[in-house]
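In what follows, a single structure is set out as structure tokens and then discussed.
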Amino acid sequence: MHYQIKKPDELTETEIQNILKLWNISAWNTMTSKDFRDFFIQSEFHLLLDSMEEIRALIRLNFDFVLEISGKKYHFAEAVGLVSAEKDRGYGKKLVYYFIENSVQRNRDVIGFCVSELRIFYEKCQIPILYNKAKEIQEKNGSDWMDSEDDDILIFNASEERKAILNHLDSTNKAYLIQ
């Protein structure tokens, strides 16, 4: 197994098709490689590959992620789309380890989100979790703001100041996802 990071334009056609297959999102099933590269231009892909260069696990790092909190904008990298090719093989956990190490080395503030049912996985990976804080993030839906569908904020790497800001989110101190 080895860890690799690729930008969208560095992914092969086969890798793109494998990523789409692993994600299994019906709206993206017909996406061409060009569409994929254009759609994820502000991302990079963190991959765990086996000796045959097959993707065993992946995480997408989204650089187009800004939260507005108390009138101030905070740029984070968002970890999203973590998936493993096979369950209970340790691929996801191993990739998360490499991913955190890379985030720390690059001194990048990286957060992610999860629903409560997935907490146990992230707890096993020893990811700091801000429980039930994702519900305090508002996302634009047409002309309305609505609560995030996620429950928790995952801290892959962030300064103490930013962790504290996120930890202080509540019903009177909401964050707004600015896109």
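So what is the relative contact order of segment 1-115, in percent, for Cα pairs below 8 Å that sit 6 or more residues apart?
23
Among the lysines, select those whose C-alpha is under 24 Å from the C-alpha of K72, and discard any that sit fewer than 8 residues away in the same chain.
Within the straight-line limit of under 24 Å, K72 reaches these lysines: K133, K135, K140, K163, K174.
Using a probe radius of 1.4 Å on heavy atoms only, what accessible surface per residue do you get for the chain? Whole Å² is fine.
Averaged over the residues of the chain, the accessible area is 56 Å².
I'd like the distance separating the alpha-carbon centroids of segment 104-139 and segment 1-73, in whole Å.
So the separation of the two Cα centres works out to 19 Å.
Of all alpha-carbon pairs in segment 1-55, indicate the percentage at a distance above 19 angstrom.
Taking all Cα-Cα pairs of segment 1-55, the fraction more than 19 Å apart is 23 percent.
Per the 1.4 Å probe, what fraction of the accessible area of segment 1-40, in percent, lies on carbon and sulfur atoms?
Of all accessible area on segment 1-40, carbon and sulfur atoms account for 51 percent.
Taking K21 as the anchor, which lysines have their alpha carbon closer than 18 Å to its alpha carbon, excluding any fewer than eight residues away along the same chain?
K6, K34, K87
Binning every alpha carbon pair distance of the chain at 5 Å from zero, what are the percents per bin?
1, 8, 16, 20, 20, 17, 11, 5, 2, 0, 0
Taking only DSSP H segments of four or more residues, each worth -39500 (n - 2.57), what value at 222 nm results for the chain once the sum is divided by all its residues, to the nearest 500 deg cm²/dmol?
-7500 deg cm²/dmol
Given a 1.4 angstrom probe, I'd like the percentage of the accessible area of segment 59-160 that is carbon and sulfur, rounded to a whole number.
44
Students sometimes get this wrong: rank W145, W28 by accessible area, probe 1.4 Å, all chains present, largest first.
W145, W28
Could you list which residues have their amide H under 5 Å from that of N157, counting only those 5 or more apart in sequence or on another chain, with H placed in the peptide plane?
Amide H to amide H, under 5 Å and 5 or more residues apart or across chains, N157 pairs with V110.
Please quote Rg/Rh for segment 82-160 to two decimal places, taking the Kirkwood radius as Rh and restricting both calculations to Cα atoms.
Reported Rg/Rh (Cα atoms, Kirkwood Rh): 1.02.
Pull up all non-local amide H partners of K174: gap of 5 or more, or a different chain, and H-to-H distance under 5 Å with H placed in the peptide plane.
Result for K174 returns nothing.
The values are calculated or read from the model by the stated rules, or taken from the named source; none is laboratory data. What you are looking at is a predicted structure, and each value in this text was computed from that prediction instead of being measured. The area values use the complete protein model at the heavy-atom level, side chains included, leaving out ligands, DNA and RNA. Shrake-Rupley method; radii C 1.70, N 1.55, O 1.52, S 1.80 Å.
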